[in-house]
Structures are given as C-alpha cells and as structure tokens.
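Novice: I'd like to ask some things about the structure below.
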Amino acid sequence: METIFNPFGRIGPAKFRNTAIILIAVGAAFSLLPLIRPELTLLSFASLLLFYPWLVIWVKRFHDAGKSGKFFLAVLVVWLAVGFAVNHFIVARFIPAPPPVDPHFVMASIKAQMQANALPGTIASVIISLAFALILNEELKSEPGENAYGPPPAQ
C-alpha cells in the first residue's frame, strides 16, 4: 500500500510497471460500469480517485531516475491532451449526438452518452495509459546507487 500512497522514495521499473497495470485494470473496470450495470453509471467517476496513486508512482519513478517528481506535470499535461483528443475523435465518429433534451431528462441523456462511450473510451484509455506507462518507464533509467531521493528500491 505504501507504493501507491506515500510519494517519498523510489520504485524501480518492474514495480512501476506492475502497479501501473493494476491501476489501468481498476480504472478500466470503473469505466465499464455503465455497460455492466446502467444504474451504476455515475459511479464510473470513481476512477478519478486513481489520480493520487498515479501521481505517487510517477513521482517515485522519476525519483528513481534521479529527477524531480515535478516532471509528472509534463506527463500529466501530455497524457490529458492525448486522452482529450482521442476521446473527441471517438465521440465525433462513434457516438450519436444527443437529441435536444428536456431539462428533466438531462441525467438520462448523460447516462446514455456515458454508456455509448464506455467501451470505446475504455479501450482508448487503456491503450494511452499503457503506452505512457510502459514507454516512459522504459526510457527512465534507474540510478544504481543512493540518490537525493533515497536508497535504490529493493528488487
């Protein structure tokens, strides 16, 4: 649990990769809730709770490479921009535009849009997240000895 809640210290590439895959799987499960149980559509927003564990593992991974955890902000900006662009493409190509909605049925319209976007959005999110996590993890070289952020992680 300390891996995803304590931003101090370092984690190596293998532990980062394994933790990232778990976070991606949990996020995908939340994103697919509208398809599995339509009444739980709004619960899919719970995947936003995964932001902090992602922040923690990225900061620790940058620390392992001897870099400031602030580099996470660059990753976040690019990750969000790519995700926004891909989601915009998916919505424009595959999700029908909602009809004019009576204000009393706004929630029903939102749920319908979320259900329609659940599968393609989840697939895109998983691909983007895996690409960022695995490619950047591979490019960040661990410092073998102790650095300003602590001793090397135990393998």
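Novice: How large is ³J(HN,Hα) for each residue in segment 85-96, as worked out from phi by the Karplus curve 6.51 cos²θ - 1.76 cosθ + 1.60 (θ = phi - 60°), to whole Hz, x for Gly and Pro?
Specialist: Couplings: 4, 5, 5, 4, 4, 4, 4, 5, 8, 10, 9, x Hz.
Novice: Tell me the mean residue ellipticity at 222 nm calculated for the chain from its helices only (DSSP H runs of n ≥ 4, each -39500 (n - 2.57), averaged over every residue, nearest 500). Can you show the working numbers first?
Specialist: Numbers: 6 runs with 99 residues, N = 155.
Value at 222 nm, helices only, nearest 500: -21500 deg cm²/dmol.
Novice: Let me ask something else. Leaving out ligands, DNA and RNA, what percent of the accessible area of the chain is carbon and sulfur, probe 1.4 Å?
Specialist: Answer for the chain is 73 percent, counting heavy atoms of protein chains only.
Novice: Tell me the per residue accessible area of segment 34-132 using a 1.4 Å probe; a whole number in Å² is fine.
Specialist: Value for segment 34-132: 60 Å² per residue.
Novice: Then there is this: If you project the alpha carbons of segment 1-73 onto their three principal axes, what span does each projection cover, largest first, in Å?
Specialist: 45, 21, 18
Novice: So, in segment 14-145, how many Lys pairs have Cα atoms under 20 Å apart, if the pair is 8 or more places apart or on different chains?
Specialist: Lysine pairs, 8 or more places apart or on different chains, close enough: 7.
Novice: For the chain, with equal point scatterers placed on the C-alpha atoms only and solvent neglected, what are the log10 I(q)/I(0) values from the Debye formula at q = 0.10, 0.15 1/Å, to two decimals?
Specialist: -0.43, -0.81
Novice: Determine ³J(HN,Hα), in whole Hz, for all residues of segment 77-84 in sequence, where each value follows from phi through the Karplus function 6.51 cos²θ - 1.76 cosθ + 1.60 and θ = phi - 60°; x replaces Gly and Pro.
Specialist: 4, 5, 4, 5, 5, 5, x, 4
The values are calculated or read from the model by the stated rules, or taken from the named source; none is laboratory data. Small disclaimer: the values here were computed from a predicted structure and weren't measured. Surface areas here come from the heavy atoms of the whole protein model, side chains and all, with no ligands, DNA or RNA. Shrake-Rupley method; radii C 1.70, N 1.55, O 1.52, S 1.80 Å.
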